[in-house]
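Trainee: Let me give you the structure first, and then I'll get to my questions.
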Amino acid sequence: MKLRGVQQTKWWGVVIFSLAILAFPLVVTQSFFITQATFAGIYAIIAIGLGLLMGYAGQISLGQAAFYGIGAYTTSVLTTTLGWSPWLSLPVALLVSGLLAFVMGYTMSRLSGYYLAMATLAFGIIVHTLLVEWKGITMGASGLYGIPQLSLFGMTINQGVPYYFLVWFFVLIVLILSLNIVHSRAGRALRSIHDSEIASSSMGVNTGQYKMQVFVLSAMFAGLAGWLFAHMSYSISPSAFTFDASILFLAMVVLGGSGSVWGALIGTLLIRLVGITVHALGEQFPFITSDFEHVIYGLILILVVIFLPRGLFPTITSWFDTASIKRTKKKEALAVVPVKRSIS
Amino acid sequence: MLQVNSVTKRFGGVIANSDVSFTVDEGQIVGLIGPNGAGKSTMFNMISSIFPPTEGSILFCGAKIDKLPSYKVAPLGVSRTFQNLQVFKSMTVIENVMVGQHMRTKQNVAGFASMLLGITKNERKVYEEAMEVLQFFHLESVFDQKASSLSLGKLRLLEFARAYATRPKLLLLDEIAAGLNHSETSEMSALIKKVRDTGVTVLVVEHDMDLVMSICDKLIVLDQGIKIAEGTPREIQADEAVITAYLGAEVEEEAI
Amino acid sequence: MGDFLQFTLTGITIGSIYAIVALGFVTIYSVTKVINLAQGEFVMLGGLTMFSLVSAGVPYWLSFIATIFFVTMIGWLMEFILVRRAKGADAISLIILTIGTSIFIRGVSSMVWGKDQHRVDSFTDNTPITFGGASVTPQAIWVVLIMLLVVALMYMFIDKTMIGKAFQASSVNPIAARLMGISPTRMSSFSFVLSAALGAIAGLAIAPIIFPAYDMGAMLGIKGFSAAILGGLGSAPGAVIGGLLIGLFESMGAGYVSSGMKDAITFSIFLVILLIRPNGILGEKTIGKGGL
């Protein structure tokens, strides 16, 4: 059942993607790459949420790492200090991230544009500082150790291929959920808010509520990613949840395309690839330090904004669109001629 | 149906509207006209609750609407078009209209989840209704084109169609004919009448005198924020104050 | 009492730097509506360039001038190469552009100067002066004096010179300004140049106190940005007030609570103030037509 003219999920894309996920560990077997791919999945979840926020609610978040960290620390503290089962701490982690986003969104709802962006930045810094300073709960900068691994039906989900599948299973869920949102009535409402908030409001769309919902959802996705991250590592520390991390997530969304769920995914993979490449080069050429990574990320952001302002994925898809429009226009032009003849 | 009571709007030191009152009855096509800077768009913005009046009140079907947030006005039956075109550029024509139907449709979590299995019945209904609206406005041929690729004439029709899709009781048209050529304006006039005949009351702000004189039942004339005349098109055409406002005192001097 | 005075003095000192950085933000924003998150990097470049020149044996006063010149060039380059190309992009894209530039500059700097902190000598002999139970170094006094000088010069410049008036005109109504023959590209370029110069001066002033390092720009930029927002974006007096306030919050927080918590405290107070005054303390100037 197809509805022409309405943006819809390309399910064939989802299928191919799922197959690619399954095939990857069969093709690439080195554990280093499996781990990198697992991290890519964790970041992709954050990026997809951030992409929804930026592309559909039209709001930049300079502190997304805060929710990532909150998710990770919530589950870590619950499972270590209180001995909870990790599966129980998952909904709590989601709830805490979501709730904090709700409170933040509600109190900051009078802010707009740059003021709101700065508020997200401030929030990110506050959370990071608290993670470092509340040593009693978070163990501070030295890190929180002893985070238990996940187990399902009595079997531990080890690092490596099993965890890879766990993470990418969640990525798939997040992807499908996001695609559904975007292609539904809610998604249209969000896109309309992005294009013209004033007109959207005059159509009866409660713009404030929608923006809030996306903000909370993006925070919950980041919280989920934090949960996955915590149980993959034996320990976590606040250094993974800094302003720099927030910027990295931003770069993934900007590169892939903030108006696109697939774009966020692709952007994440590409940025990860850049990171891996720089590391590999760094081993060959010692002058390429880890700071070179920053130079590259900076360049990517600059070049994307100047040359590909909508991001990779939307730009590429619009090339296909233009090509097909040209084809249909050609058909229409050819169809006009015979009609004219019959009139005269 | 619509009652504007002694509405005044001040922006800092600037008085955009001063003690303006008028009514719009059901089934009418009413025109709000006046020279530039008369305060017509400001009035429109207050009726659609973009911002509230400084003094006075606005009632719609007996209920006060001037203090409501703008997204609450549409469900009451008031919708509008925008002078500076606020179409949803990244969406297709039919998607634009579907947003117009937003508040009349619902999609709960169950319907949401069943999207996994393909298009739901609800979506299909919304789609078909939107298509009907497009046909009403002769836009069905471009239904799947991105709004950003349309010509001005079609964009104005799209805004009109989108506002109509909300099934309003009162439709506010803000200079819908601005920039249109003669034949497009005639088409627009005919459409406005067609819309009225389906039971929608229409309030237009317009500069095009031909359009306004030919379709409006009643005209309200503003000049520099004050209402200077109200009446049928014939009465207004003969009204001295109106002529002076539009043409200035030169007419008087010429007569001498 | 001694403590309070000490914290206030420290707060005013660091606040003066934030004020100058915030002025840099406002300068660029008022004309181009761009939020230049690379502003902090101008400060960092100011400090580190000074260090390099002085270490290489260049006389202090000459290094001073050369540094300002060099950083100003970078500012000009940034506008010319980047911002000009991205004209017409939306606000989010522009922020990202400047963030990217900031990261890029930081990355290059870390490759040039390494990750260590460096020492720069003070302007004058730096024995602390004590009074009222608090002590203050002459360099700190220099910082505040420089801030006051900068504010005074900016005021005189904007209000009393032709270029300054053109600048004001561009920010209040860019279209009308253009009709009057004021070139928007020239003004845009000029705003970046001025802003970079401000950053360099701030960097020079604070270098003897803060031990410049490649990453000092990030936090300075963020705090300068928040100072500009706090005072009301687009308002120069607001920027100065905002900067001083942020400096005071930070200093009080570090002194009375803990140095580790100072950022959390500073930004929490910041958020609370934004809650009460969503457009900043002095409010955003909404007369201007150039908008987000």
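A short reminder: the numbers here are calculations on the coordinates, not readings from a lab. Just so you know, these numbers come straight off a predicted model, no measurement behind them. A quick note on method: Cβ atoms are made from the backbone with ideal geometry, for glycine too, and the neighbour counts reach across all protein chains shown.
Trainee: Give the residue list of trypsin sites (Lys or Arg not before Pro) in region B:148-237 that are DSSP loop and have at most 15 other beta-carbon atoms within 10 angstrom. Can you show the working numbers first?
Mentor: Values: sites: B:154, B:156, B:162, B:169, B:193, B:194, B:196, B:218, B:227, B:234; in loops: B:169.
Those that pass, being in a loop and sparsely packed, number zero.
Trainee: Can you give the helix-only mean residue ellipticity at 222 nm for the protein assembly as shown, where every DSSP H stretch with n ≥ 4 adds -39500 (n - 2.57) and the sum goes over all residues, rounded to the nearest 500 deg cm²/dmol? Don't jump to the answer; show the numbers that get you there.
Mentor: Values: 35 runs with 556 residues, N = 892.
After summing the helix terms and dividing by the residues of the protein assembly as shown, the value is -20500 deg cm²/dmol.
Trainee: To continue, here is another question. Take chain A, mark every one of the trypsin sites (Lys or Arg not before Pro) that falls in a DSSP loop and has at most 11 other Cβ within 10 Å, then report the longest stretch left between them, sites excluded.
Mentor: Working: sites that count: A:2, A:4.
In chain A, the maximal stretch lacking such sites is A:5-344.
Trainee: Once you treat every alpha carbon in region A:7-241 as an equal point and sum by Debye, what is log10 I(q)/I(0) at q = 0.08, 0.14 Å⁻¹?
Mentor: -0.32, -0.93
Trainee: Pick out, in residue order, every one of the trypsin sites (Lys or Arg not before Pro) in region B:50-82 that is DSSP loop and has at most 14 other C-beta atoms within 10 Å; say none if there are none.
Mentor: Numbers: sites: B:64, B:67, B:72, B:80; in loops: B:67.
Answer in residue order: B:67.
Trainee: If you restrict to DSSP beta bridges whose two residues both lie in the protein assembly as shown, what percentage is antiparallel, to the nearest 5?
Mentor: Numbers: 27 of 43 bridges.
Bridges in the protein assembly as shown that DSSP calls antiparallel: roughly 65 percent.
Trainee: Using only Cα atoms, figure out Rg for region A:70-190 and give it as a multiple of 2.2 N^0.38 Å.
Mentor: Working: Rg = 17.7 Å, N = 121, 2.2 N^0.38 = 13.6 Å.
Compactness ratio reported: 1.30.
Trainee: Can you pull the Kirkwood radius for chain B, inverse mean 1/r over Cα pairs, to one decimal in Å?
Mentor: On the way: mean 1/r = 0.0515 Å⁻¹.
About 19.4 Å for chain B.
Trainee: Something else now. Any chance you could check the Cα centroid distance between region C:199-235 and region C:112-161 for me, in angstrom?
Mentor: Answer, in whole Å: 13.
Trainee: Return the whole-Å distance between the Cα centroid of region C:15-41 and the Cα centroid of region A:161-217.
Mentor: 34 Å
Trainee: 5 Å is the cut-off here: which amide hydrogens, built 1.01 Å from N in the peptide plane, fall below it relative to residue B:225, excluding neighbours closer than 5 in sequence?
Mentor: So residue B:225 has HN proximity to B:39.
Trainee: Here's something else I'd like to know. Run the quick spin-label model on residue A:326 and residue A:18: label points 7 Å from Cα toward the beta carbon, then report their separation in nm to one decimal.
Mentor: Going from the residue A:326 label point to the residue A:18 one covers 3.6 nm.
Trainee: A further question follows. Can you bin every Cα-Cα distance in the protein assembly as shown into 20 Å intervals starting at zero and give me the percent of pairs per bin, rounded to whole numbers?
Mentor: Computed distribution, short to long bins: 13, 40, 34, 12, 1, 0.
Trainee: Measure of size requested: the Rg and Dmax of region C:1-97, with Cα atoms as the atom set and Å as the unit; please supply both.
Mentor: 17.0, 54
Trainee: Arrange B:59, A:273, A:94 by Cβ neighbour counts within 10 Å, fewest through most, would you? Before the final figure, lay out the partial values.
Mentor: Numbers: B:59 15, A:273 12, A:94 21.
Starting with the residue having the fewest Cβ neighbours, the order is A:273, B:59, A:94.
Trainee: Report the chymotrypsin sites (Phe, Trp or Tyr not before Pro) located in region A:277-319 that are in a DSSP loop and have at most 15 other Cβ atoms inside 10 Å of their Cβ, or state none. Mind dumping the intermediate values first?
Mentor: Numbers: sites: A:287, A:292, A:297, A:307, A:319; in loops: A:287.
Loop-located and lightly packed - A:287.
Trainee: How big is the gap, in Å, between the Cα center of region A:9-50 and the Cα center of region A:221-284?
Mentor: 13 Å
Trainee: On full extension of the chain, what length is gained from residue B:194 through residue B:181, given 0.36 nm per residue of separation minus the C-alpha to C-alpha distance?
Mentor: Working: separation 13, 0.36 × 13 = 4.68 nm, distance 1.98 nm.
Working it through step by step, the gained length comes to 2.7 nm.
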